[in-house]
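Working notes, beginning with the structure itself.
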Number of protein chains: 2
Amino acid sequence: MTIREQAQEAARAAVKLAAVSSVVKNKALESMAEALLAAQDEILAANAEDISAGKAKQMKESLIDRLLLTPARVADMADGLRQVASLRDPVGEIIGGSTLPNGLTVTKIRVPLGVIGIIYEARPNVTADAIGLCMKSGNAVILKGGSEAIRSNTKIAEVLKNAAEAAGIPKGSIQFITSTDHAAVQELISLNGLVDVVIPRGSGRLIQAVVGNASVPVIETGVGVCHTFVDEDADFAMAERIIINAKTQRPSVCNAMETLLVHRAAVREFLPAILQALKEHGVQVIGDETVCASDPDAVAATEEDWATEYGDLRLSVKIVDSVDDAIEHIATYGTKHSECIVTRNFAHARQFQQMVDAACVYVNASTRFTDGFQFGFGAEIGISTQKLHARGPMALPELTTYKYLISGDGQVRP
Amino acid sequence: MTIREQAQEAARAAVKLAAVSSVVKNKALESMAEALLAAQDEILAANAEDISAGKAKQMKESLIDRLLLTPARVADMADGLRQVASLRDPVGEIIGGSTLPNGLTVTKIRVPLGVIGIIYEARPNVTADAIGLCMKSGNAVILKGGSEAIRSNTKIAEVLKNAAEAAGIPKGSIQFITSTDHAAVQELISLNGLVDVVIPRGSGRLIQAVVGNASVPVIETGVGVCHTFVDEDADFAMAERIIINAKTQRPSVCNAMETLLVHRAAVREFLPAILQALKEHGVQVIGDETVCASDPDAVAATEEDWATEYGDLRLSVKIVDSVDDAIEHIATYGTKHSECIVTRNFAHARQFQQMVDAACVYVNASTRFTDGFQFGFGAEIGISTQKLHARGPMALPELTTYKYLISGDGQVRP
């Protein structure tokens with residue numbers, strides 16, 4: 001089948017899938033979890049081939065680790081599907097409506113988006129996660145994974161598709177693109193009228209390529225240049241705990257901190273202590289003049305540093321003159337993901353939350369909490385850094401749209 | 001200023017505009033209405049030049065009429081601004097949230113989108129409408145109107161911008177692109193990071209060009225191939241009232257009806273009567289075999305007809321075998337705008353509303369009600385035919401997004 005034919009099949013299936021009850025969808029998710037466990041040996045065998053191919057291509061050790069499946073990781077995927085089964089079904093929720101003066105009733109009801117394209121890299125668990133969330137939210141899904149995980153992804157998708165269809169999910173609801181050609185991505189993101197939205201998950205390069213070339217709607221995810229601003233009257237012990245957590249607890253993820261802003265009035269009391277604490281946690285500081293003067297190990301920051309998502313134990317540090325300056329710096333260099341102020345000043349906290357334009361604006365807490373599971377959503381398909389449709393952590397309701405049902409007894413427009 | 005510089009100025013203004021109170025915004029809208037009326041002579045003079053230029057270029061009479069401003073039309077624009085002032089401000093509404101087990105409070109609050117680009121044609125009143133709705137919802141706006149109305153639009157935008165800024169709207173919040181070059185559109189729809197969304201309003205050709213070439217998020221509006229399906233046990237008198245209204249009350253608009261589907265079991269009793277009624281209302285029928293056999297004036301429909309938005313008094317008519325067939329036809333040829341079933345059968349009504357994938361699905365009412373004013377929203381910036389972000393009539397809340405405000409007392413992620 002061509003990709004267009006796959007999308008046509010998905011679009012036809014989506015119409016039926018939208019009407020499948022929660023009971024059937026939940027049973028299907030349970031069957032899919034069981035099928036994954038039952039197929040563990042085949043999945044691990046396919047993964048072993050991907051791993052060999054990766055090693056033969058001198059793939060980086062960190063990427064090999066992301067690609068690797070183990071019995072425990074297969075069990076985690078199965079658990080993930082069961083958790084999705086236990087979540088509330090967003091489809092069919094009545095989210096508004098009214099009775100018009102002429103007697104027409106207008107009901108706004110949540111419905112699936114239709115056909116969702118997921119373009120992703122490396123981690124094979126995304127295959128299971130994305131299929132589970134799309135099925136629960138009543139959406140047909142077209143998956144395009146990275147070439148390095150093609151054997152693992154193909155096998156996982158095949159096992160889940162067969163189990164889903166055997167359990168009553170309409171045939172064609174799960175489509176996996178087996179081509180590893182880049183042209184396949186371009187075709188998928190140009191199928192207006194068949195694909196309702198594409199969600200890219202992976203590197204900044206992948207995301208920008210999709211955003212720049214898609215004609216179907218895209219939800220941009222993932223790039224986070226997150227700041228923490230320490231105000232002049234912060235609780236400095238609290239500030240240190242938050243900064244160490246936000247920077248070092250898992251530096252590779254998008255909600256980790258990349259830039260520390262310190263109020264000039266806090267430099268004397270706070271800066272040496274935090275630079276020492278960062279050093280003890282293995283953090284390489286890249287700082288402005290004041291910072292470099294205070295820490296001989298600090299590297300001088302360039303303009304580019306302020307806009308860089310390091311994704312490792314590097315941290316840029318800058319002194320600012322006021323909360324306004326901090327807000328201005330964040331407006332210039334931030335990616336509208338997660339931003340934090342540490343302060344005891346109520347007015348500053350309020351101003352920062354109001355004026356900073358980001359998905360998540362924190363007072364006195366680590367930016368690492370920007371996450372669907374941490375927020376209590378029970379799931380996460382990605383973290384949106386655009387403003388259209390969904391912002392911040394996206395779970396099941398973000399995979400839906402709505403329609404208006406209007407009922408009358410012959411009303412016509414005067 | 002280049003378009004990029006205009007967008008940068010808009011983005012800077014948007015940060016301030018997001019924090020402007022409803023009181024200031026409403027007073028500004030009132031001032032803008034007064035300024036329009038005070039500048040009526042200048043606006044009509046600029047419009048007269050556009051009209052002369054249009055006539056010199058042999059512009060169609062219907063387009064000339066859309067372009068023409070009169071004292072009454074200027075007063076309507078001013079009234080529109082006053083109506084927007086009277087609507088509820090969506091900005092700042094708390095739309096959700098929770099307290100997490102660790103004590104963090106998460107508040108989901110409605111905020112402006114930021115910078116909205118509006119690309120439109122012909123009607124100069126769109127300039128005032130769009131500026132009013134964007135200001136009320138706290139968004140900076142960049143307007144790109146059609147070349148045929150450039151003098152009228154430039155004057156209206158200038159008057160409103162001056163009045164708005166004098167009344168406390170941050171400088172730079174209203175940007176009007178004076179270039180009539182097509183390259184200006186391409187530049188505007190490529191300004192990722194500066195423009196948060198672009199809304200095209202106008203012909204299908206304009207909309208498709210924007211959707212196909214934009215890298216910033218787009219809300220697709222407007223194309224409507226709307227169907228009315230007359231079921232076998234419809235109230236035929238009601239069906240006739242609805243059909244005549246949906247087709248003839250204002251045939252040029254997107255929620256007008258383009259295709260009539262009639263259940264085969266209703267042909268004998270209903271078809272001759274409705275064909276006669278349509279004829280009396282000046283409607284040219286384009287039908288399938290059964291329809292052409294019944295009406296010597298009917299033209300045989302081609303495959304293309306079923307997908308055509310006529311926008312005039314032509315109507316395609318097809319006989320179908322069942323409600324399932326009607327749903328299938330709509331899934332194939334519809335544009336997900338507005339669809340209607342006329343029936344007395346509860347199960348058929350329910351099935352049609354559930355299975356038809358469109359912004360608005362009607363039972364026993366004219367599709368002409370798909371409209372922000374008719375729905376009681378008090379405004380309309382367009383009718384979305386995509387599923388992402390907003391669907392159907394869009395008013396003030398659809399010009400907003402949300403952010404999460406998270407407050408704590410030093411929480412870090414374990």
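If we count trypsin sites (Lys or Arg not before Pro) as exposed when they sit in a DSSP loop and have at most 15 other beta carbons within 10 Å, what is the longest stretch of chain B that avoids them all? Before the final figure, lay out the partial values.
Numbers: sites that count: B:LYS57, B:LYS60, B:ARG88, B:LYS171, B:ARG344.
My reading of the result: B:172-343 is the longest stretch.
Among A:ILE95, A:ILE177, which comes first, second and so on when ranked by fewest other beta-carbon atoms within 10 Å? Show your work: numbers first, answer last.
On the way: A:ILE95 12, A:ILE177 24.
Least to most surrounded, the residues fall as A:ILE95, A:ILE177.
Using the Cβ atoms and a cut-off under 12 Å, what net charge is assigned to the surroundings of A:THR248, where Lys and Arg are +1 and Asp and Glu are -1?
It works out to a net charge of +4.
Just the number: Rg to Rh for the protein assembly as shown, Cα atoms, Kirkwood Rh, two decimals. Before the final figure, lay out each step's value.
Numbers: Rg = 28.4 Å, Rh = 28.6 Å.
Dividing the radius of gyration by the Kirkwood radius yields 0.99.
Per residue, how big is the convex hull of region B:200-288 when only Cα atoms are used? Give it in Å³.
Numbers: hull volume 10.8 nm³, N = 89.
Spelled out: Cα convex hull of region B:200-288, divided by residues, is 122 Å³.
Name the residue, out of A:ALA78, A:ALA166, A:ALA239, whose mean-square fluctuation peaks in a Gaussian network model built on chain A with Cα pairs under 10 Å.
A:ALA166
If R0 is 45 Å, what FRET efficiency do you get for A:ARG88 and B:GLN40 from their C-beta distance, rounded to 0.05? Before the final figure, lay out each step's value.
Values: r = 56 Å, r/R0 = 1.24.
Taking R0 as 45 Å, the efficiency between A:ARG88 and B:GLN40 is 0.20.
Every other copy gets compared here: list the nm distances from the B:GLU303 label point (7 Å along Cα to Cβ) to its counterparts, shortest first, one decimal.
For B:GLU303, the other copies' label points sit at 5.6 nm, shortest first.
What does the charge add up to near B:GLU9, with Lys and Arg as +1, Asp and Glu as -1, over the other residues with Cβ less than 13 Å from its Cβ?
Around B:GLU9, the charge tally is +3.
Label position 7 Å from Cα toward Cβ: report the copy-to-copy distances for B:ILE64 in nm, one decimal, ordered from shortest.
Relative to the other copies, B:ILE64 has label-point distances of 7.8 nm.
Quick one: which residues, 5+ away or cross-chain, put their amide H under 5 Å from the amide H of B:GLU93? H built at 1.01 Å from N.
For B:GLU93, the qualifying residues are B:ARG110.
Give me the dipole magnitude in Debye, nearest 20, for the protein assembly as shown about the Cα centre, with unit charges on the beta carbon: positive for Lys and Arg, negative for Asp and Glu. Don't skip to the end; give the middle numbers.
Details: 78 positive and 100 negative charges, 158 e Å.
Computed about the Cα centre, the dipole is about 760 debye.
If you put +1 on each Lys and Arg Cβ and -1 on each Asp and Glu Cβ, how big is the dipole of chain A around its Cα centre, in Debye rounded to 20?
Values: 39 positive and 50 negative charges, 327 e Å.
Dipole size: approximately 1580 debye.
From the residues A:ILE406, A:ALA38, A:ILE327, which one has its Cα farthest along the dipole of the protein assembly as shown in the positive direction, the dipole being from +1 and -1 charges on Cβ of Lys/Arg and Asp/Glu about the Cα centre?
Looking along the dipole axis, the top candidate is A:ILE406.
For chain A, with the dipole built from +1 on Lys and Arg beta-carbon atoms and -1 on Asp and Glu ones, taken about the Cα centre, which of A:THR70, A:GLN208, A:GLY311 lies farthest toward the positive end?
Of the listed residues, the answer is A:THR70.
Hey, what's the Cα Rg ratio for region B:1-67 versus the globular rule of thumb, 2.2 N^0.38 Å? Show your work: numbers first, answer last.
Numbers: Rg = 17.8 Å, N = 67, 2.2 N^0.38 = 10.9 Å.
For region B:1-67, the normalised Cα radius of gyration is 1.64.
Sort B:GLU289, B:GLU398 by Cβ crowding within 10 Å, fewest neighbours at the top. Spell out each step's value before the answer.
Details: B:GLU289 11, B:GLU398 24.
If I rank by nearby Cβ atoms, fewest first, I get B:GLU289, B:GLU398.
In the Gaussian network model of chain B, springs joining C-alpha atoms below 10 Å, which of B:ALA11, B:ALA331, B:ALA390 carries the largest mean-square fluctuation?
It is B:ALA331.
Would you kindly state how much longer the chain becomes between A:ALA184 and A:THR105 on full extension, computed as 0.36 nm times their sequence separation minus their alpha carbon distance, in nm to one decimal?
Numbers: separation 79, 0.36 × 79 = 28.44 nm, distance 4.44 nm.
So the extension gain works out to 24.0 nm.
From other protein chains only, count the Cβ atoms within 10 Å of every residue's Cβ in B:172-180, then give the mean. Walk me through the numbers on the way to the answer.
Details: counts 0, 0, 0, 0, 0, 0, 0, 0, 0.
If you average over the peptide's residues, the count of other-chain Cβ atoms is 0.
Could you calculate the FRET efficiency of B:THR308 with A:ALA75 from 1/(1 + (r/R0)^6), where r is the beta carbon distance between them and R0 is 60 Å, rounded to 0.05?
On the way: r = 54 Å, r/R0 = 0.91.
The pair B:THR308/A:ALA75 has a calculated efficiency of 0.65.
What gaps in nm, shortest first, separate A:ALA38 from its twins in the other copies when you place the label 7 Å past Cα toward the beta carbon?
Computed spacing set for this position: 7.8 nm.
Classify chain B as rounded, prolate or oblate from the Cα gyration tensor: take a ≥ b ≥ c as the square roots of its eigenvalues, call it rounded if a/c is under 1.5, otherwise prolate when a/b beats b/c and oblate if not. Write out the running numbers ahead of the final one.
Numbers: a/c = 2.28, a/b = 1.43, b/c = 1.60.
Verdict is oblate for chain B.
I need the shape label for region A:226-369. Rule: rounded when a/c is under 1.5, else prolate if a/b > b/c, else oblate, with a, b, c from the alpha carbon gyration tensor. Kindly include the intermediate steps, with their values, before the conclusion.
Values: a/c = 1.35, a/b = 1.18, b/c = 1.15.
Here region A:226-369 falls in the rounded category.
Which chain A residue comes nearest the axis with its C-beta when you rotate A onto B, and by how many angstrom?
Axis relating chain A to chain B; nearest Cβ residue and distance: A:HIS389, 2.
Add -39500 (n - 2.57) for each DSSP H run of 4 or more in chain A, then divide by its residues: what number comes out at 222 nm, to the nearest 500 deg cm²/dmol?
Details: 14 runs with 172 residues, N = 414.
Helix-only estimate at 222 nm: -13000 deg cm²/dmol.
Quantify how strongly other chains surround peptide B:353-360 by giving the mean number of their Cβ atoms within 10 Å of each of its Cβ atoms. Present the calculation step by step, with values, prior to reporting the outcome.
Details: counts 7, 7, 4, 3, 10, 2, 4, 5.
Across B:353-360, the average partner-chain Cβ count within 10 Å equals 5.
Separation of region A:1-44 and region B:317-368 by C-alpha centroid, Å?
Taking the Cα centre of region B:317-368 as reference, the centre of region A:1-44 is 27 Å away.
Given the options B:ALA13, B:ALA183, B:ALA265, which has the most mean-square fluctuation in a GNM of chain B, springs set between C-alpha atoms less than 10 angstrom apart?
B:ALA183
Values quoted throughout were computed directly from the atomic coordinates according to the rules given, and no laboratory measurement underlies them. Model, not experiment: these values are computed from the prediction. FYI the Cβ positions are ideal-geometry reconstructions off the backbone, even for glycines, and counts take in every protein chain you see.
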